[in-house]
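Step one of this worksheet: look at the structure below.
Where a number appears in this text, it was derived from the coordinates with a stated rule and is not lab data. Note that the structure is predicted; figures quoted are calculated from it, not measured. Cβ placement follows ideal geometry from the backbone for every residue including glycine, while neighbour counts extend to all protein chains displayed.
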Amino acid sequence: MKIKQLLGVSIAVLACIANVNAADIATESITAQAPETNRQESSEEKSKDEAKDSKDEAKDSKDEAKDSKDGATASKDEATDSKEGTTDSTAASDENTESDESDSAPAEKFVVCIDAGHQEKGDSTTEPIAPGSPHKKARVSSGTEGVGTKKAEYVVNLEAAMILKELLEKENITVVMTRETHDVNISNAERAEVSNKANANMTIRLHCDSINNSSKTGATILVPSDTNPNTKGIYEPSQAYAELLKVALTDKGVKVNGIFKREDMTGFNWSRVPVVILEMGFMSNWNEDQMLADPSYQRKLMEAVVESLKVYNKK
Ligand SMILES: [Zn+2]
């Protein structure tokens, strides 16, 4: 056997070992129990039934208020975390193991999953908030609507998602969509499973915010928890991308309220691949509601997503 062949064999063996590790990590995260520290629901994943719209609206706003409080704590936390390095980077690089041996192979397939939040009708039947968790939340909530335009959030989310798909495909990036129509019933856990099956390099979940404070504006980025056993393996790449997205949005003049860790998101807790939620802005603000309904503003936001994904893919 020539030296070249020997080298080839050892690389193949190493790749196998790496894949086994990846599978182990994935299995671990499936079976791990989620800590029951769920404090509140967000506007995008409400837990209780949606019997009355008005009740929901009120709940939404309350949730958002709590969310922003949470955000403050979360950003404080950011300073103190830096330990997960080893496992996380292993998991992240495993995503790209398949066929390349050299670091500088840009032709490698880069897969982005886009999840347009919500759907035409919410589904208040429940599903576990995380694999193996006894805690349950609505499969998918109905989302919010524009204070002035009365446009439904699920419509804005899909409009933006379709623009993002078009822009990414222009860049020869492989796109997987959780939905392309409104009349679907796909739970948040099922949406995560779409990304898992596609082995997506990044999942972008698109949503809009709503809060009982009409002056609140700006985009907000949510990432999975770095402490929850279900998601600590995907936290690091998700956070790394979130930071790039924040820069890209800010560069385009979009206000970003921050990057907040959340462990109460079903769609995060079931994900085995990196994922972020982009809350594109507040539909409860008159002006931002108009902007979010405008295809040119949606395009501007999605251009920031594409630019940051391209940077992320190069790293
Ligand atoms: Zn939402």
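The condition (being acidic (Asp, Glu), surrounded by 21 or more Cβ atoms within 10 Å (Cβ to Cβ) and either under 14 Å from residue 164 (Cα atoms) or touching an Asp or Glu at 6+ places or on another chain (Cβ under 8 Å) (or both)) is satisfied by just one residue among 264, 289: 264.
Only residues that are over 23 Å from residue 190 (Cβ atoms) and not charged (D, E, K, R) were counted in segment 230-273, giving 16. When you check residue 293 against the structure, is it small (Gly, Ala, Ser) and farther than 17 Å from residue 205 by Cβ, yes or no? Spelling it out, residue 293 is indeed small (Gly, Ala, Ser) and farther than 17 Å from residue 205 by Cβ.
Just give me the residues in segment 251-274 being touching a helix residue (DSSP H, G or I) at 6+ places or on another chain (Cβ under 6 Å) and within 16 Å of the ligand (Cβ to nearest atom), in sequence order. Passing the criteria: 260, 266, 267.
Within this structure, residue 303 fails the test of being closer than 24 Å to residue 143 by Cβ and within 16 Å of the ligand (Cβ to nearest atom). Among strands (runs of 3 or more DSSP E) entirely within segment 99-208, having at least 2 residues that are surrounded by 20 or more Cβ atoms within 10 Å (Cβ to Cβ) and within 16 Å of the ligand (Cβ to nearest atom) singles out 111-116, 136-140.
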